[in-house]
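Take a look at the structure below.
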Amino acid sequence: MKTLQAKLYILFSLFFLSREKLIKDTITNIPSGYKNIAYLTDIEFTIFGYFAYKYTHSSEKEKKEYEKNGITVSYKELNRLYVSTPHLATVLKKLQDEKLIKKSTLSEDKRKTNYILSYAELKKFNEINITALQFCNFTDSDTPVIDNLIGGVIKLLKNNKIISEAQEKNLESFMLKSDNYNKFYYIALALWTSRYLITNFQIKLMGPSEFMVYAMIIKYYINNEKKPITTKKVKEETGLAPSIISQSFKKFIDEDIITRKEINKFKVYFYINKKSLEKRLAMDTVLIDEITKDFKKSDDKKFEKFIDKLSNSVTNKLNGMETNKICPNKKCGMEIPLMPGLKFCPYCGTKIA
């Protein structure tokens, strides 16, 4: 396995797995008008990410139209993101109910329905996510590597017929105007929203929820955790429903990536099979290999330095985050959200501080 490519792949996985935590920790006072945008579920984020991705690829004329009337995306486009149809319909309905997107029906056929996100909401979405990346502390010395990465991503998208030549030219304009944070944010969004459309990329067979569980498994692996993974821990980290987590675990058990061990009716542990996971990671990092294949030999040291710096930034940030406390009363054992000045468990009254 090429260590640097694998590291970058894992870092992208950690970004998505820890997205909400990074936002909460980096932006101490999120304005009330931003909260619905800040705390999106993984599938909601995928949908919003696609709106952002589409806007970035648009021409100056299209951008002006979008800024005036909102960004329009068809149901068919969203369905290509490998979100199951019933689930997609439910999520879109929820976003409409929360007045985050609007529906524009062209006919009775829902496949010909358009969804519109206002430019004001898109700006909030981009702003909150880019602000959450500030801990990366990018400098001018990182620019050549980020430019090489974004060049590799654009070439990958074009080779897979995901973007056209015209859209590639639009991205040239975007690169000239953008700083390192905006560029890195684009790389992450482009890979996240296009991964199901890229030929020979194994992870395209995963839905967003499965990917979050997979990223959690990777996190345990790179931290060399001795403790087994539990459904409860995955739920705490990802916010996914236990039924979704169980479905995802089944997929990884079938692939021999994890082994299930039932302790009793209420306690099930999952252990990582390192050799199988390493084999799987080697196949998954094909995507990063594609992005970096045109790097020159002289770029190797810069790339290594960039990955090490990014890795340290992410690790330090995640390790430094406060986590919710668990009530010390074994009969209660409830998770207690972090609240300033809270000294007693709100569920049973036990002293916690």
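Take the residue pairs Lys251/Lys293; Lys124/Lys155; Lys54/Lys169 and return only those whose Cα atoms are more than 22 Å apart. Could the numbers behind the result be given before it?
On the way: Lys251/Lys293 31 Å; Lys124/Lys155 29 Å; Lys54/Lys169 14 Å.
Beyond 22 Å between Cα atoms: Lys251/Lys293; Lys124/Lys155.
Starting from 0.36 nm per residue, how many nanometres of slack lie between Ser298 and Asp97 once their C-alpha separation is accounted for?
That works out to 67.1 nm of additional length.
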Rank by packing, highest mean first: peptides 172-178, 187-193, with packing defined as the count of other Cβ atoms within 10 Å averaged across residues. 187-193, 172-178
Please list, short to long, the whole-number percent of alpha-carbon pairs of region 3-194 in consecutive 5 angstrom bins beginning at zero. 1, 7, 15, 20, 21, 18, 12, 5, 2, 0, 0
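Only loop residues by DSSP count here, and only those with at most 12 other Cβ atoms within 10 Å; note down the GluC sites (Glu not before Pro) in region 104-168 that meet that.
Details: sites: Glu108, Glu121, Glu127, Glu165, Glu168; in loops: Glu108.
Of the GluC sites (Glu not before Pro), the ones in loops of region 104-168 whose Cβ has at most 12 other Cβ atoms within 10 Å are Glu108.
Values in this text are rule-based calculations from the coordinates and carry no lab data. Everything quoted here is computed from the prediction, not taken from an experiment. For neighbour counting, all protein chains shown are included, and Cβ atoms are generated from backbone atoms with ideal geometry for every residue, glycine included.
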